[in-house]
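Here's the structure, in structure tokens; my notes come after.
The values are calculated or read from the model by the stated rules, or taken from the named source; none is laboratory data. Quick caveat: nothing in here was measured; it's all calculated off a predicted structure. Ideal geometry is used to build each Cβ from the backbone, glycine not excepted, and the neighbour counts take in all protein chains shown. Heads up: the accessible areas ignore ligands, DNA and RNA and are worked out on the full protein's heavy atoms, side chains in. Shrake-Rupley method; radii C 1.70, N 1.55, O 1.52, S 1.80 Å.
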Amino acid sequence: MMKQKLVLVGIALATVLMFSSLVQARVAQSVWYESVPEGAEAGAYAVRSRSAALQAAFINAVFDESLEVIGYPITDVRKEELRQFLSPKAKTYVLSYRELGSTHMADGYGQEMSVEVSVNRSSLTSLIKRLGFFKTRTAPVVYNPQYSGVQSETWEKLGRLHQLYGLRPDYNSSLILVMNTVGDHWELSLQGAGAPMTAQSKSLDAAWHTVWGKYFSQSASPQPIGNSRQGVLQVRGWLFPDGVEAFDRVLRGWVGSASGARLEAVVIQSDSVAARWVVTSKNIDLVLSKLSDYVNGRGLTYDFQPAAE
């Protein structure tokens, strides 16, 4: 009976940890104002309710997570376009949240809210890929624009779409984007990368995202950034399996991403619980220093075996 219980616990823990590897929890802040100074500019005190501040915290968390998923520096202009793109849909990437409290600002008017937000990293990574960030790390993708019926007011929007998706028009490119307006619809067809990729929508943004999303989804996922070191970490001594789950979140925070600390196995014995991770980090020494401090006083021991060079 005891063995059966341990098996059930192991299965439950594996399910929880499999789910947690797709989720990244981070703390985000936002400021809101119940009152504002007399004569103050409205734009500087735009967030006037707790619910609006909560939505702002979601946007901050999802945006910060997206920059971590991208994994390389992007221009301020592209950052701003990405933030604007994510803002109306940020809540769809929030799985859960927990308010940690608020503190009054020094100006006497504002309150800073802190929220722990669990972000669906897997879904967000798919979106970042469709936006072209993985394929345009070193250079923009060039394409041959074949437009008709495009009005002058559309050019500004096209410029912003180029910034967001990492694109550059070039009439010498073999990758051709045919774009027409038919009535109140946009029709787009991307040709030169296998079978044509087409989309039709009343919204240029939606049609653009469909076509280029298909194109960028064909590309391979990014490889880990160079200069990272990898090894196998084993930690022993927990009394209960939930200790492994708690440490898994801590470890992922140290290495900077869920993919940088991959849980490989959990061993539940009669008197203790042990677990093994594959760890990838640019600064393994710092991770091990944090680990040494963490296990001190917790009754845990660890062993780290670097991967062969």
*Hey, among the residues in region 49-66 that are in contact (Cβ under 8 Å) with a residue 40 or more places away in the chain and surrounded by 16 or more Cβ atoms within 10 Å (Cβ to Cβ), which one's farthest from E99 (Cα to Cα)?*
S66
*touching an Asp or Glu at 6+ places or on another chain (Cβ under 8 Å), surrounded by 15 or more Cβ atoms within 10 Å (Cβ to Cβ) and modelled with pLDDT of 65 or more, is that true of V69?*
no
*Among the residues of region 111-159, which ones are open to solvent by 30 Å² or more (accessible area, probe 1.4 Å), in contact with a strand residue (DSSP E or B) (Cβ under 9 Å, 6 or more places away or on another chain), at pLDDT 90 or above and not basic (K, R)?*
A139, P140, V142, Q146, Y147
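Only residues that are at pLDDT below 85 and either touching a His at 6+ places or on another chain (Cβ under 7 Å) or farther than 17 Å from D285 by Cβ (or both): list them for region 222-240, please.
Step one: list which residues in region 222-240 are at pLDDT below 85, which gives 222-230.
Within region 222-240, P222, Q223, P224, I225, G226 meet the criteria.
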*Of all residues in region 171-195, how many are surrounded by 14 or more Cβ atoms within 10 Å (Cβ to Cβ), out of contact with any helix residue (DSSP H, G or I) (no Cβ under 8 Å at 6 or more places or on another chain) and acidic (D, E)?*
0
*Index of the failed condition, T198 passing every other in (1) in contact (Cβ under 8 Å) with a residue 24 or more places away in the chain; (2) touching a strand residue (DSSP E or B) at 6+ places or on another chain (Cβ under 6 Å); (3) hydroxyl-bearing (S, T, Y); (4) open to solvent by 70 Å² or more (accessible area, probe 1.4 Å)*: (1)
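If a residue has to be closer than 17 Å to N60 by Cα, among the polar types (S, T, N, Q) and either at pLDDT 80 or above or touching a Phe, Trp or Tyr at 6+ places or on another chain (Cβ under 6 Å) (or both) to count, how many in region 88-110 make the cut?
Just the residues of region 88-110 that are closer than 17 Å to N60 by Cα, to begin with: 88-102.
Those left that are additionally among the polar types (S, T, N, Q): 92, 96, 102.
Going one step further and asking which of them are either at pLDDT 80 or above or touching a Phe, Trp or Tyr at 6+ places or on another chain (Cβ under 6 Å) (or both), we end up with 92, 96.
So the answer is 2.
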*Of all residues in region 65-88, which are more than 13 Å from the chain's Cα centre (by Cα) and either of a type in the set (D, E) or assigned to a helix (DSSP H, G or I) (or both)?*
D76, V77, R78, K79, E80, E81, Q84, F85, S87, P88
*Residues of region 17-66 being of a type in the set (S, T, Y), at pLDDT below 80 and over 13 Å from M113 (Cβ atoms), which ones?*
S20, S21, S35, Y45
*Under 9 Å between Cβ atoms, at least 6 apart or on separate chains: pull out the pairs that start in region 131-153 with a residue that is touching a residue at least 12 places away in the same chain (Cβ under 8 Å) and end on any residue that is of a type in the set (D, E) and open to solvent by 30 Å² or more (accessible area, probe 1.4 Å).*
V142/D170; Y143/D170; N144/D170; P145/D170
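For G166, are the conditions met, namely being small (G, A, S) and at pLDDT 95 or above?
Details: small (G, A, S): yes; at pLDDT 95 or above: yes.
Considered against the rule, which asks whether it is small (G, A, S) and at pLDDT 95 or above, G166 comes out as yes.
When only residues in region 103-160 that are aliphatic (A, V, I, L, M) and part of a strand (DSSP E or B) count, which is farthest from A52 (Cα to Cα)? Talk me through it step by step, then tell me what you get.
We begin by selecting, within region 103-160, every residue aliphatic (A, V, I, L, M); these are 105-106, 113, 115, 117, 119, 124, 127-128, 131, 139, 141-142, 150, 158.
Next, only the ones that are part of a strand (DSSP E or B) stay: 113, 115, 117, 119, 141-142.
Details: M113: 11, V115: 13, V117: 15, V119: 18, V141: 37, V142: 39 Å.
Result: V142.
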